[in-house]
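Everything below concerns the one structure shown next.
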Amino acid sequence: MKKTTEPTHWKEATRLAQIGNHQDDQTGAVSTPIYLSTTYAHPKLGQSTGFDYTRTANPTRQVVEQALAQLENGRYGFATSSGMSAIQLVFQLFPSGSRFLVSRDVYGGSYRYFDALTQQGYAQFSYFDTLEELKKTIDADTAAVFLETPTNPLMNELDIFIAAQLAKEHQALLIVDNTFLTPILQKPLTLGADIVVHSATKFLGGHNDLLAGAVITGSDDLGEKLSFALNTTGAVLSPFDSWLLIRGLKTLDLRIKQQEKNAKKLAASLKKEKRIKEIFYPERGSMISLKLQSPEQVPSFLSALKLFTFAESLGGVESLITYPTTQTHADIPKALRESYGLTDDLLRLSIGIEAAEDLIADIQQALEKTAAP
Ligand SMILES: *Cc1c(COP(=O)(O)O)cnc(C)c1O
């Protein structure tokens, strides 16, 4: 990790395409070299090139960490081995016994982690559905608020600006998981959040070939503490994976725009479709959830799809369809899941960069082959 370089007047798409270029004066490498060396020679006793040991800092990782910090309008970026290790890194900031408030409809793995911390007696987690509920429950004992917006998989939007005000009034931190919209569509730090986390496995990497996480903050104090915690516990992104993430980020702006364009077209066509009970799309981003008329239709609908791949994960160039009940959200007890609308007729779509007409046609033909209940 390192402080980012001065912000430039370049537009985001320009900065993304240029990540890592003009950094290696010796060779002029346009693509960032992959520095596999774990250790770096000291010029003299008490001197350092800025790199000593790769857990602390690595030249390839540093390029992607600076890019992540700039992209989220922060000053400190950290690239971790997965989205979950990014979340775990953030929760290392708090003393044991801390109390947290979390948006109800979160990624199942985050729920599982928070539940494990609760079971082990390390921390207490309570959940809120709306900001009104957050306002009623937040108090001086709240260490931090953690939220996803739009939520996963029900796509409820929470106002980050208002949540940040509420957190500040109670000296609590606001942590936002920005995996779904990415900084191209939403910059939580600019809206008042203290820390942003990502599963970079999803849109930031974008090609379903990399497991990675990111943590970004604009605060010197938090930046220092996160840097200490990451160096101490060591869940850093490897040099090769850092390079893959750089490569993915170069096309982030292009991909997000195409994926969102496709999602808007598909959502508009699904809304006219009588064979679909309900559609959840916040009119931005490229994640869409839908409910079939009955859960019995799910197996035949999934088998009939030819273009959409039935798989976990999201955000890549290939369109995927996920069944949260048995996949991403299986760790949330059924009664609890259903109490807030995550029922077993719900499917979640991640829209890729294919031609929208092909995606629409695939859903149509699958609906035709799916027997009515
Ligand atoms: C996938 C995901 C995570 C976890 O990230 P991994 O890279 O799989 O560890 C966290 N939050 C959200 C919103 C996710 O979709």
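Give the calculated FRET efficiency between ASP141 and ASP52 to the nearest 0.05, with a Förster radius of 51 Å applied to their Cβ-Cβ distance. The pair ASP141/ASP52 has a calculated efficiency of 0.80. Annotation: amide H of PHE128 within the under-5 Å range of VAL102, SER103, ARG104, sequence separation 5 or more or interchain, hydrogens built in the peptide plane. Applied to segment 200-212, the Karplus parametrisation 6.51 cos²θ - 1.76 cosθ + 1.60 on θ = phi - 60° returns per-residue 3J(HN,Hα) values of 6, 4, 8, 5, 4, x, x, 10, 6, 9, 8, 9, 7 Hz, with x for Gly and Pro. Taken about its Cα centre, segment 51-126 carries a charge dipole of roughly 100 debye when the Cβ of each Lys and Arg holds +1 and the Cβ of each Asp and Glu holds -1.
For PHE310 and GLN171, a Förster radius of 35 Å and the Cβ-Cβ distance give a FRET efficiency of 0.20, rounded to the nearest 0.05. Pairs with C-alpha atoms separated by more than 21 Å, drawn from the list LYS202/LYS257; LYS306/LYS369; LYS135/LYS168; LYS136/LYS168; LYS11/LYS257; LYS136/LYS187, are LYS136/LYS187. The stretch between PHE240 and SER339, if pulled fully straight at 0.36 nm per residue, gains 31.3 nm over its current Cα-Cα span.
Loop-located GluC sites (Glu not before Pro) in segment 238-293 (DSSP state not H, G, I, E or B) with no more than 15 neighbouring Cβ atoms inside 10 Å: GLU273, GLU283.
Given +1 at the Cβ of Lys and Arg, -1 at the Cβ of Asp and Glu and no other charges, the dipole of segment 12-250 around its Cα centre is 480 debye to the nearest 20. A dipole drawn for the chain from +1 and -1 charges on Cβ atoms has a positive end, and of LEU230, PHE280, PHE146 the residue lying farthest that way is PHE280. Listed peptides 21-28, 9-16 appear in the order 9-16, 21-28 once ranked by packing, highest mean of other Cβ atoms within 10 Å at the front. Pairwise alpha-carbon distances in the chain exceed 31 Å for 37% of all pairs. The modelled label-to-label distance for the pair GLN92/THR130, using points 7 Å beyond Cα in the direction of Cβ, is 3.9 nm.
What does the helix-only formula give at 222 nm for the chain: each DSSP H stretch with n ≥ 4 adding -39500 (n - 2.57), the total divided by the residues, and the result rounded to the nearest 500 deg cm²/dmol?
Details: 13 runs with 133 residues, N = 373.
Computed mean residue ellipticity for the chain: -10500 deg cm²/dmol.
Hey, with R₀ at 25 Å, roughly what FRET efficiency would LYS277 and GLU318 work out to, going by the Cβ-Cβ distance, to 0.05? According to the calculation, E is roughly 0.45.
Mind checking segment 101-164 for GluC sites (Glu not before Pro) that DSSP puts in a loop (not H, G, I, E or B) and that have at most 14 other Cβ atoms within 10 Å? Provide the component values of the computation, followed by the final result.
Numbers: sites: GLU132, GLU133, GLU148, GLU157; in loops: GLU157.
Counting only loop positions with at most 14 other Cβ atoms within 10 Å, the GluC sites (Glu not before Pro) in segment 101-164 are GLU157.
Annotation: lysines with alpha-carbon distance below 17 angstrom to LYS264 (same-chain offsets under eight excluded): LYS272. Within segment 253-368, the ratio Rg/Rh, alpha carbon atoms throughout and Rh by Kirkwood, equals 0.95.
All of the numbers you see were taken from the coordinates with simple rules; none came from a lab. The shown structure was predicted, so the numbers you read here are calculated from the model rather than taken from an experiment. Methodologically, a virtual Cβ is constructed for each residue, glycine included, from the backbone with ideal geometry; neighbour enumeration extends over all protein chains shown.
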